[in-house]
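Asks: Just dropping this structure here.
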Amino acid sequence: MKIGMICYPTHGGSGVVASELGLALAQRGHEVHFVSYAIPFRLREFHPRIFVHEVDMATYPLLKHPPYELGLTNKIVNVVSEYGLDIIHAHYAVPHATSAYLAKHILNLPNLRVVTTLHGTDITLLGADKSFFSVIKFSIEQSDGVTAVSDYLVQRTLEEFNIKREIRRIYNFIDAEKSQAPYDGPCRKELYATKGEKVLMHASNFRPVKRVSDVVRIFARVREQMPCKLLLVGEGPERLFTQQLVKELKLRDDVFFLGEVDHIEQILQCSDLFILPSEQESFGLAALEAMSCGVPVIGARIGGLPEVVVHGENGFLFPVGETSEMAEAALQLLKDDTKLQAFRQRARARAQVFDVERIMPEWEAFYNEVLERRAISL
Ligand code: GMT
């Protein structure tokens, strides 16, 4: 198959999922063309059968807000014409699914299939905004195949947009073998936890929805009872505010801001506990990546996260904002090495359910189904 992947190139979850899916498809012999405004960070290394096409953006004094979606549409049209793609796979509804629809109609190629994957905030945050509602609903209804990353997100999309068509749940995946391989890189726990302290970690895009200040408050409570360190990975609008909070709570010596990291598994391998107290999480890829490295998760019982983390088995989930309960659960694990080890093992085992080898057949079957529907309508 020849597949076009339309995604954001940044460290956000949807870009990671699109990149890993593209890599796994290429590994299985398919040709994958990425279209984005920059090279997605997981695709910086050369791979035969992976091609990256950057969107050209014209600037012109009249265009106060250059229309990215039109530049994207134009690029998709060019790539499909040049390489004869079978499928355009749009990750994130806004504006990718809409640009894919438009490209298909500009090309006048009814057999070109548009697949849209919903990731979360495109539905839960943008979808709730009236200024996008009709466009998102239209783009979902007009796609030839639609997937969402959890049962929760399938249900929420059907209800919120009053959608009657099928939305297939295909879970995000990890490469368990890769994340569990013995690690011999430069990240050493001793770099941060010099006296053998436990290490807590959080990784996100530091948007308000992630509630990074809750992470710091949880850490502060744990720190009151045992020496430990906190590693914060990522960048985003809440970073400055978080730094200020760390200063106010006098935690500067115990909290490390690591910024964006390309190989998150290297940091995870140094960590004992992953904290994800988000307001909303349609899946929680960061939690799955942590579990795959044997790091249990303490988080919020919201969205699709309970489909990944099993409360009391490989982590603990509490209502959003319950930082004291989250801190108590963290202490329970960190103070009891036998329990922590058991949670670590079960986290790894749970992550296997989402292994690339299990999920990729679902993707290939879905693509084939969408292509077969084309054959039927011919
Ligand atoms: O919230 C983020 O981290 C970014 C966002 C994205 O689309 O890049 O993440 C969403 O998609 C991820 C991949 O499918 C999911 O794992 C995240 O749970 C989801 N984020 C939210 O729902 C807030």
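Asks: Considering Leu70, Leu109, Leu62, which residue is farther than 28 Å from Glu362 by Cα and part of a loop (DSSP other than H, G, I, E, B)?
Replies: Working: Leu70 fails: part of a loop (DSSP other than H, G, I, E, B); Leu109 fails: farther than 28 Å from Glu362 by Cα.
Answer to the selection: Leu62.
Asks: Of everything in region 135-174 that's away from the ligand (no atom under 15 Å from the Cβ) and aromatic (Phe, Trp, Tyr), which residue is surrounded by the fewest Cβ atoms within 10 Å (Cβ to Cβ)? So that I can check it myself, show each step before the final result.
Replies: At the first step, the residues of region 135-174 found to be away from the ligand (no atom under 15 Å from the Cβ) are 135, 137-145, 158-159, 161-166.
Right, trim to aromatic (Phe, Trp, Tyr) and you get 138, 161.
Numbers: Phe138: 14, Phe161: 19.
Here the answer is Phe138.
Asks: Among the residues in region 352-367, are any in contact (Cβ under 8 Å) with a residue 40 or more places away in the chain, more than 22 Å from the chain's Cα centre (by Cα) and crowded, with 18+ Cβ neighbours inside 10 Å?
Replies: No, because not a single residue in region 352-367 is in contact (Cβ under 8 Å) with a residue 40 or more places away in the chain, more than 22 Å from the chain's Cα centre (by Cα) and crowded, with 18+ Cβ neighbours inside 10 Å.
Asks: Here's another thing I want to ask about it. Got a sec? Which of Glu45, Glu20 is within 15 Å of the ligand (Cβ to nearest atom) and either more than 20 Å from Arg113 (Cα to Cα) or touching a Pro at 6+ places or on another chain (Cβ under 6 Å) (or both)? Walk me through how you get there before you give the answer.
Replies: Numbers: Glu45 fails: within 15 Å of the ligand (Cβ to nearest atom).
Answer to the check: Glu20.
Asks: Name every residue in region 1-15 that is surrounded by fewer than 24 Cβ atoms within 10 Å (Cβ to Cβ) and not small (Gly, Ala, Ser), in order of residue number.
Replies: Once the filter is applied, which keeps residues that are surrounded by fewer than 24 Cβ atoms within 10 Å (Cβ to Cβ) and not small (Gly, Ala, Ser), region 1-15 yields Met1, Lys2, Ile3, Tyr8, Pro9, Thr10, His11.
Asks: Considering region 302-321 alone, what residues qualify as being out of contact with any Asp or Glu (no Cβ under 9 Å at 6 or more places or on another chain) and open to solvent by 10 Å² or more (accessible area, probe 1.4 Å)?
Replies: Pro306, Val310, His311, Gly312, Glu313
Asks: When the residues of region 96-109 are filtered to those that are in contact (Cβ under 8 Å) with a residue 12 or more places away in the chain and over 13 Å from Met5 (Cα atoms), which remaining residue is surrounded by the most Cβ atoms within 10 Å (Cβ to Cβ)?
Replies: Pass one, region 96-109, residues in contact (Cβ under 8 Å) with a residue 12 or more places away in the chain: 96-104, 106-107, 109.
Restricting the remaining residues to those that are over 13 Å from Met5 (Cα atoms) gives 98, 101-104, 106-107, 109.
Values: Thr98: 21, Tyr101: 22, Leu102: 20, Ala103: 28, Lys104: 23, Ile106: 14, Leu107: 16, Leu109: 15.
That would be Ala103.
Asks: Select from region 258-276 the residues that are assigned to a helix (DSSP H, G or I) and either more than 15 Å from the ligand (Cβ to nearest atom) or over 12 Å from Val233 (Cα atoms) (or both) and list them in ascending order. Even if it seems obvious, please write down each step before you answer.
Replies: Residues of region 258-276 assigned to a helix (DSSP H, G or I): 264-268.
Answer for region 258-276, where residues must be assigned to a helix (DSSP H, G or I) and either more than 15 Å from the ligand (Cβ to nearest atom) or over 12 Å from Val233 (Cα atoms) (or both): Glu265, Gln266, Ile267, Leu268.
Asks: Looking at Ser81 and the list (1) among the hydroxyl-bearing types (Ser, Thr, Tyr); (2) away from the ligand (no atom under 15 Å from the Cβ); (3) within 26 Å of Phe133 (Cα to Cα), which single condition is not satisfied?
Replies: (3)
Asks: Could you tell me how many of the residues in region 106-134 are at pLDDT below 95 and within 16 Å of the ligand (Cβ to nearest atom)?
Replies: 11
Asks: May I pose another question? Suppose the filter is open to solvent by 50 Å² or more (accessible area, probe 1.4 Å) and closer than 22 Å to Gln332 by Cα; does Arg223 pass it? Even if it seems obvious, please write down each step before you answer.
Replies: Numbers: open to solvent by 50 Å² or more (accessible area, probe 1.4 Å): yes; closer than 22 Å to Gln332 by Cα: yes.
So Arg223 passes the test.
Asks: For region 303-320, state whether one or more residues are away from the ligand (no atom under 16 Å from the Cβ) and over 28 Å from Pro182 (Cα atoms). Walk me through how you get there before you give the answer.
Replies: Within region 303-320, the subset away from the ligand (no atom under 16 Å from the Cβ) is 310-314, 316, 318-319.
Next, from what is left, pick out any that are over 28 Å from Pro182 (Cα atoms): 318-319.
Checked region 303-320: at least one residue is away from the ligand (no atom under 16 Å from the Cβ) and over 28 Å from Pro182 (Cα atoms).
Asks: Also, quick follow-up: What pairs can you find where one residue is in region 220-236 and β-branched (Val, Ile, Thr), the other is open to solvent by 30 Å² or more (accessible area, probe 1.4 Å), and their Cβ atoms are less than 8 Å apart, with a gap of 6+ or different chains?
Replies: The qualifying pairs are Val233/Leu258; Val233/Glu260; Val233/Val261.
Asks: Looking only at region 235-256, count how many residues are outside any helix (DSSP H, G or I) and open to solvent by 50 Å² or more (accessible area, probe 1.4 Å). Break it down stepwise before answering.
Replies: Going through region 235-256, the residues outside any helix (DSSP H, G or I) turn out to be 235-238, 249-256.
Cutting the leftovers down to open to solvent by 50 Å² or more (accessible area, probe 1.4 Å) gives us 235, 237-238, 249-250, 252-253, 256.
Final tally of qualifying residues: 8.
Asks: Please tell me if Lys75 is in the same structural domain as Glu364 (by TED's automatic domain parsing), over 17 Å from Glu160 (Cβ atoms) and modelled with pLDDT of 95 or more. Steps first, please.
Replies: Values: in the same structural domain as Glu364 (by TED's automatic domain parsing): yes; over 17 Å from Glu160 (Cβ atoms): yes; modelled with pLDDT of 95 or more: yes.
Taking the combined requirement at face value, the residue satisfies it.
Asks: Being within 9 Å of the ligand (Cβ to nearest atom) and either over 13 Å from the mean Cα position of the chain (by Cα) or not in a loop (DSSP other than H, G, I, E, B) (or both) is the filter here, so list the residues in region 277-301 that pass it.
Replies: First pass over region 277-301, keeping only residues within 9 Å of the ligand (Cβ to nearest atom): 278-288.
Matches in region 277-301: Ser278, Glu279, Leu285, Ala286, Ala287, Leu288.
Asks: Can you confirm whether region 190-203 contains a residue that is assigned to a strand (DSSP E or B) and surrounded by fewer than 24 Cβ atoms within 10 Å (Cβ to Cβ)? Reasoning before the result, please.
Replies: Within region 190-203, the subset assigned to a strand (DSSP E or B) is 198-203.
Right, trim to surrounded by fewer than 24 Cβ atoms within 10 Å (Cβ to Cβ) and you get 198-199.
Yes; the residues of region 190-203 include at least one that is assigned to a strand (DSSP E or B) and surrounded by fewer than 24 Cβ atoms within 10 Å (Cβ to Cβ).
Asks: Anything in region 266-281 that is open to solvent by 10 Å² or more (accessible area, probe 1.4 Å) and modelled with pLDDT of 95 or more? List them, or say none.
Replies: Taking region 266-281 first, the residues open to solvent by 10 Å² or more (accessible area, probe 1.4 Å) are 266-267, 269, 279-281.
Passing the criteria: Glu279, Gln280, Glu281.
Asks: Of the residues Ala24, Ala58, Ala38, only one is without any contact (Cβ under 8 Å) to a residue 40 or more places away in the chain and within 18 Å of the chain's Cα centre (by Cα); which?
Replies: Ala38
Asks: I would also like to ask the following. Which residues, counting only those in region 175-189, are under 30 Å from Tyr152 (Cβ atoms) and open to solvent by 40 Å² or more (accessible area, probe 1.4 Å)?
Replies: Restricting attention to region 175-189, the residues satisfying the condition of being under 30 Å from Tyr152 (Cβ atoms) are 175-180.
Hits for region 175-189 are Asp175, Glu177, Lys178, Gln180.
Asks: Would you check if there is a residue in region 323-332 being among the charged types (D, E, K, R), under 20 Å from Asp151 (Cα atoms) and either within 9 Å of the ligand (Cβ to nearest atom) or not assigned by TED's automatic domain parsing to the domain that holds Ser150 (or both)? I'd like the intermediate steps shown before the answer.
Replies: Keep residues of region 323-332 that are among the charged types (D, E, K, R), which gives 325, 328.
Retained after the next criterion (residues that are under 20 Å from Asp151 (Cα atoms)): none.
Within region 323-332, not a single residue is among the charged types (D, E, K, R), under 20 Å from Asp151 (Cα atoms) and either within 9 Å of the ligand (Cβ to nearest atom) or not assigned by TED's automatic domain parsing to the domain that holds Ser150 (or both).
The values are calculated or read from the model by the stated rules, or taken from the named source; none is laboratory data. No experiment lies behind these values; they were computed from the predicted model shown. Don't worry about glycine lacking a Cβ; one is built from the backbone with ideal geometry, like all the others, and counts go over all protein chains shown. In case anyone asks, the SASA skips ligands and DNA or RNA and just uses the protein heavy atoms, side chains included. Shrake-Rupley method; radii C 1.70, N 1.55, O 1.52, S 1.80 Å.
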